[in-house]
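K.L.:
Take a look at the following structure, please.
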Amino acid sequence: MMLHRSLTGVLGLGKQSKSKWRNFLPAFLSTKSDNIEDMQNTLGQQVWNASIKKFQDLGFSLKQSTSMLFNNPALSSYPAERLCHHFEVLSSIGFKTEEIRDVLAREPKIFDRDFQVLKRNHSNLLRQMGDHQGRIAAIGAPNTLIDNSFITNQKIDYCIMEMMMNKPKIAKSRILQCSYSLIKTRHMFAYRSGLYKKIDPKNKEGLINNPSIPDLFFCSDEIFLTLFKGFTIEDYVVFDSLMTSEEDHISDEDEMDSNDHTDGDNSEDEKDSGGSYKNRYSARRNK
């Protein structure tokens, strides 16, 4: 009881209407996908309903609650105290209540991460993007709070160096939601096919005519390929395999290079002044 009272201020909770929840839930779930229905059957209807109510009692909408449970079924066994503690952690690093709900709803695996990992990844994002843009990037791509910071930095570097994106655009576009392999493969496919023009860093030539970030990255392979003439899904699969092989080859070269250095030199090369590992992509460009 005391825990609920102490967290009311943090979560911005008011009284919840149980009757409203009971009436609204069946109507919403009647439109659920087959996947959600399978999840309900796996967990059991009683556990599913209890879990949804638990999230709603914490202020999440029904849509958010359903999405969280579907994307992280283990949440059904988490006590409210554990969920609330993550609220407090995110609040302590500057997120507002509604931002916290949005972040947790879109990336419920945050509940599985150690608090220090969340804080460290958030600090890395602010260091890479700046305080304001880093905050926007974290809200737009909450996976950056749990992803390896090396991978996050790798994506940021690629967007800046190869796509000539500035940090505000990176943050606002939510491109950091995508995997590094997707960003690189889609961009290189568009560039080598002639659809995506190389942007001149001085006069920004090519910027206006290039396809948008959603058109390039936030769609299925089939929809992505409608941007091109004469290419099939098989062509894209082959290109994707070639890009993976190319990345593996570069990784092997990097490993061989690292073996040529002493342990002392290696530790200096791998870590930057902030204690995080330098982006492998950046290191290759500086060779």
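The values are calculated or read from the model by the stated rules, or taken from the named source; none is laboratory data. No experiment lies behind these values; they were computed from the predicted model shown. Ideal geometry is used to build each Cβ from the backbone, glycine not excepted, and the neighbour counts take in all protein chains shown. When the accessible area is computed, the model is the full protein with side chains, heavy atoms only, and any ligands, DNA or RNA have been set aside. Shrake-Rupley method; radii C 1.70, N 1.55, O 1.52, S 1.80 Å.
K.L.:
Between residue 132 and residue 212, what's the calculated FRET efficiency when r is the beta-carbon distance and R0 is 22 Å? Round to 0.05.
P.N.:
0.45
K.L.:
Related question: Along the Cα→Cβ direction, 7 angstrom out, place labels at residue 35 and residue 179. What is the inter-label distance in nm?
P.N.:
Result: 1.5 nm between the two label points.
K.L.:
Compute the distance in nm between two label points, each set 7 Å from the Cα along the Cα-to-Cβ direction, one at residue 113 and one at residue 233.
P.N.:
3.3
K.L.:
Let me ask another. Might you work out the accessible area of residue 82 for me, using a 1.4 Å probe with all protein chains in place, and round it to the nearest 10 Å²?
P.N.:
Taking all protein chains as shown, residue 82 has close to 90 Å².
K.L.:
Next up: With all protein chains present, calculate the accessible area of residue 167 using a 1.4 Å probe and round the result to the nearest 10 Å².
P.N.:
80
K.L.:
Quick one: what do you get for the stretch 65-161 if you divide its Cα Rg by 2.2 N^0.38 Å?
P.N.:
1.07
K.L.:
Beyond 22 Å, what share of the Cα-Cα pairs of the stretch 113-212 remains, rounded to the nearest whole percent?
P.N.:
Taking all Cα-Cα pairs of the stretch 113-212, the fraction more than 22 Å apart is 30 percent.
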